[in-house]
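See structure below.
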Amino acid sequence: DVKVTQSSRYLVKRTGEKVFLECVQDMDHENMFWYRQDPGLGLRLIYFSYDVKMKEKGDIPEGYSVSREKKERFSLILESASTNQTSMYLCASSLPGVNIQYFGAGTRLSVL
Amino acid sequence: QQQVKQSPQSLIVQKGGISIINCAYENTAFDYFPWYQQFPGKGPALLIAIRPDVSEKKEGRFTISFNKSAKQFSLHIMDSQPGDSATYFCAASLSGNQFYFGTGTSLTVIP
């Protein structure tokens, strides 16, 4: 089974802190994605990556950055956390050209 | 702009009833239409999917109906069970590399 692991299930951070959300997949997938999930807004794409050291902005990249130094790991960085970044963050991976995304269990981030 | 529009936002159905969730899209280049199911505390997982050259796909109690001319597709859950209570997302894919999700439907099946 494909496994996408997000390092934290819950995080509480202070406004202005730098926050790292880590995601690791074990199926050698080239494609990796970061979404945030908010009630009534569904899943919104923050950043994605089709290969190591490659990244592309999604629909809502403002306030976020990403890092992909290894194929299996995709990190989401909140440079200076703000309260409006309180949300559920989901990581996903997929093979190129294959229409199935595999999701992690999510990280619920609260910024106080 | 929302690429995939989903309704209703929430749905309450009696056990044994039919749950229907609707989605609409604009981009005719989409070539794959999956539905994801998400239970509390879990990430979304693929439930069922359809390609635009097929009008219906059935897997057990779950059926996707696809209307290419209307650019609409829907999920039907027959004989709904309390265990089906979850959030459902429709989605559309472009060549398997770009994915667009609906806003989600919270389904509650009451015994």
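The values are calculated or read from the model by the stated rules, or taken from the named source; none is laboratory data. As the structure is a prediction and not an experimental result, all values here were calculated from the model. As a convention, Cβ positions derive from the backbone with ideal geometry for all residues, glycine included, and neighbour counts pool all protein chains shown. Surface areas here come from the heavy atoms of the whole protein model, side chains and all, with no ligands, DNA or RNA. Shrake-Rupley method; radii C 1.70, N 1.55, O 1.52, S 1.80 Å.
List every residue pair whose Cβ atoms sit under 7 Å apart, with the two residues 6 or more apart in sequence or on different chains, where the first one lies in the stretch B:15-27 and is modelled with pLDDT under 95 and the second, anywhere, is outside any strand (DSSP E or B).
Close Cβ pairs (under 7 Å, with a partner that is outside any strand (DSSP E or B)) amount to B:26/B:3; B:26/B:71; B:27/B:3.
Being free of Cβ contacts under 8 Å to residues at least 12 places away in the same chain, open to solvent by 20 Å² or more (accessible area, probe 1.4 Å) and within 14 Å of chain B (Cβ to nearest Cβ) is the filter here; which residues of the stretch A:56-112 pass it?
A:56, A:57, A:97, A:98, A:100
Under the condition of being touching a strand residue (DSSP E or B) at 6+ places or on another chain (Cβ under 7 Å) and over 25 Å from residue B:68 (Cα atoms), which residue from the stretch B:30-50 is nearest to the other protein chains (Cβ to nearest Cβ)?
B:43
How about the stretch B:4-29: which of its residues are open to solvent by 70 Å² or more (accessible area, probe 1.4 Å) and either within 14 Å of chain A (Cβ to nearest Cβ) or in contact with a helix residue (DSSP H, G or I) (Cβ under 8 Å, 6 or more places away or on another chain) (or both)?
Across the stretch B:4-29, the qualifying residues are B:5, B:9, B:10, B:15.
Do you know which of the residues in the stretch A:19-50 that are on the phi > 0 side of the Ramachandran plot and within 14 Å of chain B (Cβ to nearest Cβ) is surrounded by the most Cβ atoms within 10 Å (Cβ to Cβ)?
The residue in question is A:42.
What's the total number of residues in the stretch B:62-71 that are within 13 Å of the chain's Cα centre (by Cα) and either farther than 29 Å from residue A:3 by Cα or not in a strand (DSSP E or B) (or both)?
2
Do we find a residue being among the small types (Gly, Ala, Ser), out of contact with any strand residue (DSSP E or B) (no Cβ under 8 Å at 6 or more places or on another chain) and over 17 Å from residue A:112 (Cα atoms) anywhere in the stretch A:54-61?
No, because not a single residue in the stretch A:54-61 is among the small types (Gly, Ala, Ser), out of contact with any strand residue (DSSP E or B) (no Cβ under 8 Å at 6 or more places or on another chain) and over 17 Å from residue A:112 (Cα atoms).
So which strands (runs of 3 or more DSSP E) are wholly in the stretch B:72-111 and hold at least 1 residues that are more than 10 Å from chain A (Cβ to nearest Cβ) and open to solvent by less than 40 Å² (accessible area, probe 1.4 Å)?
B:72-77, B:86-94, B:105-110
For the stretch B:42-60, give me each residue that is open to solvent by less than 40 Å² (accessible area, probe 1.4 Å) and part of a loop (DSSP other than H, G, I, E, B).
Initial filter on the stretch B:42-60 (open to solvent by less than 40 Å² (accessible area, probe 1.4 Å)): B:43-44, B:47-50, B:52.
Correct list: B:43, B:44, B:52.
Yes or no: residue A:16 more than 10 Å from chain B (Cβ to nearest Cβ) and at pLDDT 95 or above?
So residue A:16 fits the description; yes.
Here's a check for you: in the stretch B:61-71, which residue that is hydroxyl-bearing (Ser, Thr, Tyr) and surrounded by 14 or more Cβ atoms within 10 Å (Cβ to Cβ) is nearest to residue B:17 (Cα to Cα)?
The qualifying residue nearest to residue B:17 (Cα to Cα) is B:63.
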